[in-house]
Structures are given as structure tokens and as C-alpha cells.
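Below: the structure, in C-alpha cells.
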Amino acid sequence: MRVEQRRLRALAAGPRAVYEDLWTVARDPLPLGRHLGRLPHVHTVVLVILLGMLNANESEHSRYGADTEIGFLIVVLQSAAVAVAMVRPVPAWWFSTGLLFAAALVGESSIDPDRLWPWNVAGIALHSLVLLLLALRIRPQSAAVAVAITVLTGVAGTAWATQEHNQGVTRGSMCFIAAVVIGAARRSGRLAKARLAEQEELTAEERARRTLLEERNRIARELHDVVAHHMSVISIQAQVAPHLVTEPPQELKENLAGIRQNAVEALAELRRVLGVLRSEDARADGVRHAPQPTLDRLDELLGNVRSAGLAVTSSVTGAPRPLPPGVELSAFRIVQEALSNAMRHAPGAPVRVETAYGARRITVRVVNSAPDVPAPRSPGAGHGVLGMRERAAMLGGDLAVGPTPDGGYEVTAVLPCTPSGLPGLPGPSNLSDPSDHAEDAR
């Protein structure tokens with residue numbers, strides 16, 4: 001039953017589509033060529049002028065009515081119809097079809113029997129051009145109906161014949177059909193390219209969205225470990241605290257018990273919310289539950305990079321001190337990702353890592369010089385800058401990336417170490433650069 005209903009709807013939609021395509025005076029300019037621009041339009045105008053001259057000459061020699069004012073007007077209007085078809089193809093087609101029929105009636109009695117009738121060669125060429133321009137802008141089924149109407153007008157014109165003629169309906173119809181087939185094919189190719197470009201744009205947007213979600217999931221997994229550790233410590237301290245006091249008051253016991261209960265519930269809720277992220281991680285359990293890295297392991301990271309053949313120097317400004325776990329983790333990951341990018345995109349170039357401890361913020365800077373040899377192009381979309389930017393934004397910090405004057409590349413992150421740097425509260429100055437967005441593929 002549903003299949004029959006769909007067929008009925010399809011059958012009903014066909015005539016409606018043809019009506020919408022062929023019964024309109026809407027403006028529909030011929031689109032510009034991707035490479036040639038308006039050159040095809042110029043060629044069309046030149047061709048129309050030449051065909052118009054051929055039409056006038058042919059009509060005059062064949063006594064096709066061009067010796068009269070009406071015949072000359074028809075010849076001029078047939079050329080004008082093609083020019084109109086470049087802007088309003090449907091009205092131009094109706095107009096050209098009517099002119100073909102009128103030309104057949106005007107010249108029927110005076111035309112040479114050896115000449116084509118009801119359409120002459122130039123008239124067929126001009127109307128074929130109109131049909132081609134029409135088929136470039138309407139649906140193929142509508143263009144087929146337009147050809148059928150044109151042929152029917154030619155057949156109807158033969159019914160008014162008063163003498164024998166060199167019938168040109170069949171040969172003219174073949175030219176009309178060929179023009180429509182070429183136009184429909186060109187239109188289908190243009191639409192296919194447009195759909196492909198649109199699909200590629202949607203795919204790029206979806207890839208960027210998926211990349212962003214992957215980076216946020218990875219950050220959430222790491223922060224889950226940090227927060228879960230501290231909540232566990234709070235729970236254990238609240239449980240042990242009553243035993244450190246001789247005869248603790250009942251109120252103290254109740255408060256500590258409430259703290260422990262809240263910590264346990266918060267930890268369970270945290271695991272419930274973020275557990276799905278952990279379940280999608282295919283890493284081994286030993287790696288999953290390993291402590292998250294901090295800046296204390298920065299020397300270890302630099303040593304591993306040096307062993308891989310990268311020349312790295314480091315410097316520390318200010319007094320190193322313990323920082324909030326999320327800040328330590330993000331700073332370490334930003335340096336790690338910047339070093340990975342330097343190895344990938346600047347092979348053989350020396351790298352400098354700078355860490356500056358401030359009173360309210362920490363600044364990490366990774367800069368490499370120009371590579372000795374061009375780096376091979378990385379396959380797929382880059383995640384590096386996107387992940388670093390997400391980490392900085394999560395903490396209310398800033399990230400600046402971009403090329404250096406000597407041809408190298410620089411990554412600078414400023415991360416607040418105090419609550420004032422939380423999102424929504426006053427934080428450090430914005431370091432973002434307009435070129436950052438062009439470097440997300442790094």
C-alpha cells in the first residue's frame with residue numbers, strides 16, 4: 001500500500017514539476033563559467049549574430065517571407081529570442097517556438113519546394129540554441145516536454161500546407177533532441193559538482209566537530225583522574241581525622257562524616273558521568289590508572305625527545321612551585337604536543353622550551369627555528385593546535401601560535417594559577433593572533 005502511495009505521489013509530482021518549470025517568467029541568468037567567466041556569453045552573442053545573418057540571407061533567397069515586413073521581423077525576433085534565453089530561458093523558448101510556427105505559416109506559400117519546411121536551417125540552429133540554454137537551467141523531464149511541444153508545433157504547421165514541401169520536421173527534431181541532451185548532461189554535471197562541493201564542506205565541518213569532541217574527551221579523561229584523586233584524598237582525610245583527636249566532639253564527628261559522605265557521593269557521580277569516556281578508551285588498565293604527568297616530569301619528556309634526535313634546550317624563569325593539578329597537566333600536555341609538532345613539521349630544527357613562573361600565572365613557550373629540509377605533508381586533519389587551544393580555554397588562559405620571522409614556529413601558552421583566571425572571571429590578556437585560525441592543521 002505504501003509503495004503504491006509513493007508511486008502515485010511521484011506521478012503527481014511529475015506534471016507539477018513540469019508546470020513549475022515551463023510556466024514561469026522568472027529571471028534565471030546563465031551562470032558564469034568557473035574558468036572562462038563571461039567568455040561563453042560573448043561567444044553565444046557572436047553566434048547569434050552570425051546565425052541571424054544566415055537566417056536573413058536564407059529566407060531572402062528562398063522567398064521565405066523575408067521580403068515582407070512581417071518576415072523580416074520574424075527573422076530579427078528569432079535571433080533576439082536566443083539573447084533573451086540567456087536571462088529568461090522559459091519565456092524565450094515559448095517565444096521562439098511561436099516564431100517557428102509563425103515563420104512556417106508566413107512563408108508556406110512562397111517557399112522553394114526544395115528548401116526545408118516548416119523550419120529552415122538557420123531557424124533550426126537558433127531554436128536548438130534556445131533549447132540548449134533552456135535545458136541548462138530546468139529539469140530534464142521538463143526539457144523533454146519542451147522538445148515535444150516544439151515538435152508538435154512543427155507537425156501542426158504541416159497541416160496548413162497547401163503544396164508539397166521538403167519536410168524538415170524529422171531532421172529538425174533530431175537537432176532539438178541533441179541540444180536538449182547536451183544541455184541536460186551539462187546541467188547534471190554542474191549539479192553533481194555543486195553537490196560534491198557541498199558534501200566536502202559538510203564533511204570538513206563534521207571532521208572538525210569530531211576532532212573537537214575527541215580532544216575534549218581526552219582532556220576530560222585526564223581531568224577525571226586528577227579530580228578523582230583529590231576527592232579520594234578528601235574522603236580518606238575526613239575518615240581519619242576523628243582518630244587524630246582525643247575524645248572529639250559529636251558535632252565534629254558528624255561534620256567530618258558529612259564531608260566524607262559528600263566526597264564519596266561526588267566521586268561516584270563523577271565516575272558515573274565520565275565513565276563512558278573511560279569505557280571508550282582502549283588503553284590497558286595499567287596505563288589508564290597511571291598518575292597524570294606534571295611539570296616535575298618535564299625534564300624526563302625533554303630527555304625522551306633528545307633521544308629521538310631532536311636538539312632541545314630549556315630554561316626556567318621564576319621559582320618553580322606546585323601548581324593546581326589541572327594547570328600542571330595542561331602545561332605539560334601543551335609542551336608535549338608542541339614538541340611533537342616540531343618533530344613532525346620541522347625535522348632537524350633546534351627547539352627551545354621556556355617556562356616562566358609568575359605570581360598569578362605560568363607561561364610556557366616552545367619555539368623552533370626553520371627546518372633544514374621541507375617536512376612531508378601530514379595526512380588527515382591536524383589535532384595539535386586544537387587540543388592546546390581547548391586546554392588553555394578550559395583554564396581561562398590564552399594560546400598564541402604562529403610562524404616566527406626566521407621561518408620557524410612558536411607556541412606560547414599563558415595559564416592562570418589563581419581562581420581569578422577561571423572562565424567568566426577576569427583573566428590574563430588575550431594573546432590570540434589572527435593567524436592562529438590558519439594554523440589549526442598544524
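The values are calculated or read from the model by the stated rules, or taken from the named source; none is laboratory data. This one's a predicted model, so the numbers in the text were calculated from it and none came from an experiment. Because the Cβ atoms are built from the backbone with ideal geometry, glycine has one as well, and the counts that use them run over all protein chains shown. Remember, those area values only see protein heavy atoms, side chains included, never the ligands or the DNA or RNA. Shrake-Rupley method; radii C 1.70, N 1.55, O 1.52, S 1.80 Å.
Descriptive notes on the structure:
Each row is one residue, and each column tells you yes or no for (1) basic (K, R); (2) within 30 Å of Q261 (Cα to Cα).
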| site | (1), (2) |
| --- | --- |
| T162 | no, no |
| S173 | no, no |
| A184 | no, no |
| A194 | no, no |
| A197 | no, no |
| R209 | yes, no |
| V227 | no, yes |
| H230 | no, yes |
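- Scanning the range 215-232 for any residue that is open to solvent by less than 80 Å² (accessible area, probe 1.4 Å) and either free of Cβ contacts under 8 Å to residues at least 12 places away in the same chain or on the phi > 0 side of the Ramachandran plot (or both) turns up nothing.
- Residues (among the hydroxyl-bearing types (S, T, Y), surrounded by fewer than 19 Cβ atoms within 10 Å (Cβ to Cβ) and part of a helix (DSSP H, G or I)) located in the range 326-364: S340
- Selection from the range 104-132 of residues that are under 23 Å from G183 (Cβ atoms), hydrophobic (A, V, I, L, M, F, W, C) and open to solvent by less than 20 Å² (accessible area, probe 1.4 Å): W119, A122, I124, L126, V130, L131
- Looking only at residues of the range 365-391 that are buried (at least 22 other Cβ atoms within 10 Å of the Cβ), in contact with a strand residue (DSSP E or B) (Cβ under 7 Å, 6 or more places away or on another chain) and under 18 Å from L298 (Cβ atoms), we find that the one that is modelled with the lowest pLDDT is M388.
- Taken together, Q199, Q163 contain a single residue that is under 30 Å from E390 (Cα atoms), open to solvent by 50 Å² or more (accessible area, probe 1.4 Å) and without any contact (Cβ under 8 Å) to a residue 60 or more places away in the chain, which is Q199.
- If you go through the range 77-103 and keep only what is within 16 Å of L47 (Cβ to Cβ) and either open to solvent by 50 Å² or more (accessible area, probe 1.4 Å) or hydrophobic (A, V, I, L, M, F, W, C) (or both), you end up with A80, A81, V82, A83, V84, A85, M86, A92.
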